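So the structure is just underneath, and the comments pick up after that.
A short reminder: the numbers here are calculations on the coordinates, not readings from a lab. Given the structure is predicted, the values throughout are model-derived calculations rather than measurements.
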Amino acid sequence: MDGRSGRPAVLGAGPAQHMGGSAARNIKIVAAHLHRVPNSYRRGYEFERRVARYYERQGCYVCRSSGSHGAFDLIVVCEGAPIGVQCRVDGRLSRAEEERMREAARAAGMEAVLVYRVDHTLAFRKIRRRNIYI
């Protein structure tokens, strides 16, 4: 802990470190706090980062919306096409959550994808739009 501010000490951390700084610095700060959080949160956080790294290796731009409790955990842009990604370690998604993803994707004009883990590999399920009959 930094004795003056009560913030966790991070190697090489100056005042700007805690006031925003780069994303890499912010990840170090979050990682410093992970030993205090429940395992389920840590597992979900690490899974989101794994999915983000997967998309980044594919050449996509990834934006993580942490703690927002929105419809998507990640917004990914691949070849100009936006994708809303929900990351779930167990792959479980309630009907209400699926409908929320569907509506958000429709409103934003993007695809919605659920990413989950099967035997330590990533699995992908596209959330399709419902057909509306008038």
For segment 83-92, in residue order, the Karplus 3J(HN,Hα) values (coefficients 6.51, -1.76, 1.60; θ = phi - 60°; whole Hz; Gly and Pro = x) are 9, x, 10, 10, 9, 9, 4, 8, x, 7
Taking amide H positions as placed 1.01 Å from N in the peptide plane, with prolines and chain starts having none, which residues 5 or more places from ASP73, or on another chain, fall under 5 Å of its amide H?
VAL85, GLN86, CYS87
Scalar couplings 3J(HN,Hα) for segment 96-107 by Karplus 6.51 cos²θ - 1.76 cosθ + 1.60 (θ = phi - 60°), nearest whole Hz, x for Gly and Pro, are 5, 5, 5, 5, 4, 4, 4, 5, 5, 5, 5, 5
Whole-Hz couplings from phi, Karplus 6.51/-1.76/1.60, listed for segment 109-124; x for Gly and Pro
x, 9, 7, 10, 9, 9, 10, 9, 10, 10, 6, 6, 10, 7, 10, 10
